[in-house]
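Coordinate-derived values only; no laboratory data. Please read these numbers as outputs of a predicted model, since none were measured by experiment. Glycine gets a Cβ as well: all are built from the backbone with ideal geometry, and neighbour counts include every protein chain shown.
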Amino acid sequence: MTIEAALSNDIFLTYLAIVGGILAFAGVVLGALTLIGKDVSSIWKTYRGWLVMIPLVFGTIFLGRTATIIGVTLLAIFSFKEFARATGLYDDWWFTGTVYVAITALGVASLVTDPRLQSAGWYGIFMALPVYVIATILLIPIIRNRAKGQLQRVALAIVGFVYFGWMFSHLAFLANTPYAYGYLLYLIFAVEINDVAAFTCGKLFGLHKLRENISPNKTIEGSLGAVAVSMTIPWLLWFSFPHFEALDLILAGLIVGIGGQVGDLTISYIKRDIGIKDMGVVISGHGGILDRVDSMIFVAPIFFHMVRWFHGLS
Amino acid sequence: MKEWKYHPPPDIDATMLESLRDFPRQPYMLVYAMRSLAALLLRGWMKIYHRLEVAGRNNLPESGSFILICNHTSHLDTLSLLTAIPLKKIHHTFPAAAADYFFSSLPRSAMSAILINALPFDRKVKGAESLKVCSQLLANDGNILIIFPEGTRTRTGEMGRFRSGIGRLVVGTDLPVIPCHLAGGLNAWPKRRILPRPHKLRLTIGAPQTFIHLEKNGESVRAVCQNLEDRVAQLRSSGA
């Protein structure tokens, strides 16, 4: 992944054209709706958010492997920060700081060259890091000679690191694979389409609540519709991973279709348990960072290990 | 099993600009790191570029909350006072800054809130409310408030009359007020210049004053203001 590679990479350019086309089309439709007097101001707000985020995503991937890994690592750090602030763990800078350092270490592990295999990204240490990080987090109360309230902090820090840091950072490690453009752009594109499909199918056909205690607006119909849409996407985007066979395409669709919604519901019950609506306000019309990347956190590691199992990473 | 209690911060729904303007400020690790770094750089800059000399540093209380007041000739006043305060207290030091000037835009708010740790003071409309924020801040232990009782920078070098806010804040309380005087600020950074000139600065820190013996009324407020004004003027003549 370099700037020259991106410029001559058909996969990257095709995605750029597809997303640019969708964005332009949506802009025209929204403009037409505004002209005939429909109130679409809230959709405009969301649309403007996309106008900022999409160039950022493409720009980062365009800049290459290092930028992509740093970008995902920063996203993971800020996701964890939102989680830490929402739960109140952020007040304890020992735990928060340790997890920051640990997520940075994941980024470094994705960046460096494996000293034995000489391949890009040190896979072994990336997968072993949770052992050392969890051990360090468990040590903090001992070092500080404290007991009161420590289990809650340890638990929140471990969930924060493993879920928002480690699982999410698998996305960064995918930048080390030969099909990095295809994998990354497929995942980002498909996860967003899955979100939109769940919302749209729910609006159109929604009757039965999916998980009313967690997210009352989601419906079984919307969820099944999203899985159906996500199952077709890999076939349409087969050019992203020409080496995939039918089984790979089915799995890629299932992982995004189911994983995306599970990730969404995970953040939903975390928010509901804490008693907040959004994880913060970063992107106007989209809530906090976590409200945007929640679906990716589940998808990235499972897709990663599916690809690794069937095709290897290099 | 009993449920855990979570403590999400009050500014969780605030945008970046809102949380920068909000006070009291929520602690952010990155902000603390940036502020500490800025304070270190500032110390070097003030010592090398302005050859800042601080007299009477031992008049600063070791612990507890207190107020620093100073004549106001330029932005260098705040920067000199921040340099005089021990580095570890920098995150608990709040220069009261005019909200209409220092919090007027996002870059200015970011600079004021992150680097200077300024307390947005409304000198036009809600002065009483701003004073209340100040006294709440000082009610917590170990906070330092920096106030320029003249309310604005002088253009001539003559010290302006002290406004009543400082008097209302401390009359009848045991809050120590430390009068300070900075000499050389006007030459170094007059109001209309964009950047300071490398002139020498001299900060004199006076002895702490308390006004617990006074009753809370308009007369004693005026007396407090007059007293403090005289003390700053004294530092000026003794320091020159």
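Seen from a random direction on average, the alpha-carbon convex hull of region B:63-158 projects onto 6.3 square nanometres.
The residue among B:L41, B:S135, B:Y6 whose Cα reaches farthest toward the positive pole of the charge dipole of region B:1-154, with charges on the beta-carbon of Lys, Arg, Asp and Glu, is B:L41.
Taking label positions 7 Å along the Cα-Cβ direction at both B:D230 and B:H213, the computed distance is 1.3 nm, reported to one decimal.
Each residue, B:E53 and A:F239, gets one label point 7 Å from its Cα in the Cβ direction; the gap between the two is 7.6 nm. Both numbers refer to the Cα atoms of region A:1-63; Rg and Dmax are 14.7, 46 Å.
For chain B, the convex hull spanned by the alpha carbon atoms encloses 152 Å³ per residue. Computed FRET efficiency, Cβ-Cβ of A:S42 and B:R193, R0 45 Å: what is it to the nearest 0.05? After rounding to 0.05, the efficiency reads 0.45. The Cα center of region B:1-36 and the Cα center of region A:141-171 differ in position by 19 Å. Taking a span of 30 Å or more along the helix axis (Cα atoms) and a mean Kyte-Doolittle hydropathy of at least -1.0 as the rule, the DSSP H helices of chain A that qualify are A:10-35, A:41-63, A:65-87, A:123-144, A:180-205, A:246-274, A:289-311.
Projected label points at A:R146 and A:L117, each 7 Å from Cα along the beta carbon direction, are separated by 4.0 nanometres. Think of region A:66-176 as a dipole: +1 on every Lys or Arg Cβ, -1 on every Asp or Glu Cβ, centred on the Cα centre; then among A:T73, A:G97, A:A172, A:G97 lies furthest on the positive end.
Taking other residues whose beta carbon is less than 15 angstrom from the beta carbon of A:R65, and scoring Lys, Arg as +1 and Asp, Glu as -1, yields -2. Within straight-line reach of A:K38, meaning a Cα separation under 21 Å, sit the following lysines at least 8 residues removed in sequence or on another chain: A:K203. Dividing the radius of gyration of the alpha carbons in chain A by their Kirkwood radius gives 0.98 for Rg/Rh. Among the cysteines of chain B, those whose beta-carbon sits 4.7 Å or more from every other cysteine beta-carbon are B:C134, B:C225.
If you take the Cα centroid of region A:1-31 and the Cα centroid of region B:104-176, the two points sit 52 Å apart. For every other residue with a beta carbon closer than 11 angstrom to the beta carbon of A:K277, add +1 if it is Lys or Arg and -1 if Asp or Glu, then tell me the sum. Local charge sum for A:K277: -1. For region A:175-251, the set of trypsin sites (Lys or Arg not before Pro) satisfying both a DSSP loop assignment and a count of at most 13 other C-beta atoms within 10 Å is empty.
For region A:66-176, the calculated P(r) over all alpha carbon pairs, in 10 Å bins from 0 to the bin holding the longest distance, is 15, 46, 27, 10, 1 percent. Listed from fewest to most Cβ neighbours within 10 Å, the set A:W238, A:W309 follows the order A:W309, A:W238.
Give the range of the longest stretch in chain B that excludes all trypsin sites (Lys or Arg not before Pro) found in loop regions by DSSP and having at most 10 other beta-carbon atoms within 10 Å. For trypsin sites (Lys or Arg not before Pro) (loop position, at most 10 other Cβ atoms within 10 Å), the longest site-free span of chain B is B:6-123.
About its Cα centre, the protein assembly as shown has a charge dipole of approximately 2000 debye under the convention of +1 per Lys or Arg Cβ and -1 per Asp or Glu Cβ, with nothing else charged. Here B:S63, A:S119 are placed in order of increasing Cβ neighbour count within 10 Å, fewest first, which gives B:S63, A:S119.
The convex hull around the C-alpha trace of the protein assembly as shown, projected and averaged over every direction, spans 33.0 square nanometres.
Exposed loop GluC sites (Glu not before Pro) only (DSSP loop, at most 16 other Cβ atoms within 10 Å): please give the longest stretch of chain A free of them, not including the sites. Numbers along the way, then the final one.
Numbers: sites that count: A:E212, A:E245.
Of all site-free stretches, the longest is A:1-211.
For every helix of n ≥ 4 consecutive DSSP H residues, a contribution of -39,500 (n - 2.57) applies; sum these over chain B, divide by its total residues, and give [θ] at 222 nm rounded to the nearest 500 deg cm²/dmol.
Computed ellipticity for chain B at 222 nm equals -11000 deg cm²/dmol.
Write down the Kirkwood hydrodynamic radius of region A:186-304, to one decimal in angstroms, obtained as one divided by the mean of 1/r over all alpha carbon pairs.
14.6 Å
Could you please report the charge total around B:L17, scoring K, R as +1 and D, E as -1 over all other residues with beta-carbon less than 15 angstrom from its beta-carbon? Summing Lys and Arg as +1 and Asp and Glu as -1 gives -1. Tell me, which longest segment in chain B has none of the GluC sites (Glu not before Pro) that fall in DSSP loops with at most 13 further Cβ atoms within 10 Å? Answer - B:63-157.
Straight-distance candidates among the aspartates and glutamates for linking to B:K200, with alpha-carbon spacing under 14 Å and chain neighbours fewer than 8 residues away dropped: B:E53, B:D77.
Partners of B:K2 within straight-line reach, counting aspartates and glutamates whose Cα lies under 20 Å from its Cα and excluding those fewer than 8 residues away in the same chain: A:D273. Mean residue ellipticity, 222 nm, helices only, chain A: the sum of -39500 (n - 2.57) across DSSP H runs of n ≥ 4, divided by residue count and rounded to 500, is -25000 deg cm²/dmol. The fewest-to-most ranking of A:M1, B:M29, A:M296 by surrounding Cβ atoms within 10 Å reads B:M29, A:M1, A:M296.
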